[in-house]
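All remarks here apply to the structure that follows.
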């Protein structure tokens, strides 16, 4: 579990310190801490660099390794029962006589960890270097780079006001209570590893002219000058033929991490691969932020470092690149963007970039954000620069992110045209493992609700885990809520499906596959058994804010109905829960897949939309209804089919066979001729006399 989910409790003993210990916290001779991170060794192996890690004892003589499957396990029920709100944060600050300023996404206050100059005005906004997230309560001190939870902040305030004469807390000592010895050792080793790669990389100006030109051609940056590359600190790493983008501390320009961009040729197509030091989950670089001045009030945000280089060279404007592209804007970065009064988001040239722009603008505060709409005449910044476009003119076309509740078609026509011109992108992300599903549903789209059902014991959880894993490997940030089986068992199933083999028989390969699996944008709720719907939805909102979740899987609905009062009408309660998930999917532009058990049916009849347990509201609210038909109940083992019984996107419904591989726990279509059958919606599929192949659209 991420440390920030339980850090507050680690400081409770702080209040029992003796005065002598508290005085130690004020020692100014102690240096401020750097943010900790973990490092991925995969590029080190590729480059042939020696290991930076100290020798370790054999596994048998040390504690078990629990580093893998250490995904963010949302949530701690005891904390989520009393979530902090911005009103409560303001009330607490006022009760402690702490001055604050209301920013765009954070509250600004004086830092607990910085000694205030004598005679300075405590209400002077220039001294407000600590930022508190309005949504989560997490804080970041920009002066020391110390961060923590809302509970950590409260503990620090209590200690500061308890001890007479104590004016500030030593950040080094405070940080030592938030991290273990192992964390500090990892920090030191990772820092050494980053430094080795950085020192081995070379500036473009130091390369032979022919080699430099070849490298620039590979990354389509031939028009980017060497002075621009050096200004941003971009180097070239020869062992892997990669661009090296540095992550510098905003406080003292200390090198904190690296991103390496390499090229692979895949069937005559160039494929760009990113490797970060530390791993992506801990990589919080705002590329170019170290060049920002305190008086800069406008910035252009891009999704790629090369786009920022092109924009800055063409316009001279301050530019910043996000660490994880369009997949996620970590809230930990929001304090660094508080100084800007206007932010222009130019994230790319496709529909996914446009959707990400609108989502990120909500986090950054709509009032200060403007968006560049993708189009033929407005490609991504690097392509626009290479194509000779006037980037300054394109920036002037940015439209405000905030809009009124009522709009005319004139304001919608560009978006309508975009959907007509990009049919494949509008259809959503395609499944790689289920091509027949693409033919029916066309793709996986945000903002939709999918209902999935099937007979007991048919393999619903096994199928839906592979269904979600397929999308997750393609960059869809996924949150799993498994109330029926525990997370360890679910993770084991998904890892087996990911590796496509039984790792019980290949334990020597476990570390390799676990490392790859750990890098997926996959998160789990820690709930198990019956849960309250409000608590579950609170966690979902938190996950969308923190990790930009695009797909939530709930397995299953029946486990959220047992927490309510016994006198409650079960059908009415189910309708309420389905309506809540429907509303969540629409308002958060997040796809929700909800597993619901079916009614009891006779074994010789296959399930229909009406077979879903409860009233008709579930199928009415759903955009898609998927049914796992298990014909083995009548015809013998191995006969499973997936039926698309409802498809609101374009109406195509149908059924296709699945073949279960017990070794890899995966479902796939049988090899050979496709047996996809398109049907009319809500038609019943007979066991003995299959329906004649037809095609129909929903009326």
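What follows is calculated from the coordinates using simple rules that are stated; it is not laboratory data. Every value quoted in this text rests on a predicted model; they were computed, and no experiment measured them. Quick reminder, even Gly has a Cβ in these numbers, built from the backbone with ideal geometry, and neighbours come from all protein chains shown.
Sorted on the mean count of surrounding Cβ atoms within 10 Å across their residues, most packed first, peptides 282-295, 86-99 read 282-295, 86-99. For the peptides 417-425, 649-657, 191-199, the ranking by packing is 649-657, 191-199, 417-425, with the highest mean count of neighbouring Cβ atoms within 10 Å listed first.
Based on Cα contacts under 8 Å between residues 6+ apart, the stretch 430-679 shows a relative contact order of 27 percent.
If R0 is 35 Å, the Cβ-Cβ spacing of residue 532 and residue 195 corresponds to a FRET efficiency of close to 0.10. Each of 561, 546 was scored by other Cβ atoms within 10 Å of its Cβ. Arranged with the fewest first, they read 561, 546.
Here each label is just a point 7 Å from Cα along the line to Cβ, and for residue 294 and residue 342 those points are 2.4 nm apart.
Between residue 423 and residue 222, the modelled labels are 3.5 nm apart [label points 7 Å from Cα along Cα→Cβ].
Each residue of the stretch 204-419 gets 138 Å³ once the volume of the Cα convex hull is shared out per residue. Going 7 Å from the Cα of residue 250 along its beta-carbon direction, which residues of the stretch 312-340 have the amide nitrogen within less than 20 Å of the resulting point? Within reach of a label on residue 250: 312, 317-340. The calculated FRET efficiency for the pair residue 515 and residue 88, based on their C-beta separation and a Förster distance of 60 Å, comes to about 0.90. In plain terms, the chain from residue 600 to residue 668 could stretch by 21.8 nm, reckoned as 0.36 nm per residue minus the Cα-Cα distance.
Shape of the stretch 430-679 from the C-alpha gyration tensor: rounded (a/c under 1.5, with a ≥ b ≥ c the square roots of its eigenvalues). Computed extension length for residue 376-residue 99: 94.8 nm, one decimal, from 0.36 nm per residue of separation with the Cα-Cα distance subtracted. If you take the square roots of the eigenvalues of the alpha-carbon gyration tensor of the stretch 207-248 and sort them as a ≥ b ≥ c, do you get rounded (a/c under 1.5), prolate (a/b over b/c) or oblate? Oblate, because a/c is 1.5 or more while a/b does not exceed b/c. Distance between the 7 Å Cα→Cβ label points at residue 208 and residue 415: 5.4 nm. Less than 20 Å from a label point 7 Å out along the Cα-to-Cβ axis of residue 267: which backbone N atoms in the stretch 468-510 qualify, by residue? Residues 470-471, 473-475 fall inside that zone.
Does the stretch 464-557 come out rounded, prolate or oblate by the C-alpha gyration tensor, with a ≥ b ≥ c the root eigenvalues, rounded set by a/c under 1.5 and, if not, prolate when a/b is larger than b/c and oblate if not? Here the stretch 464-557 falls in the prolate category.
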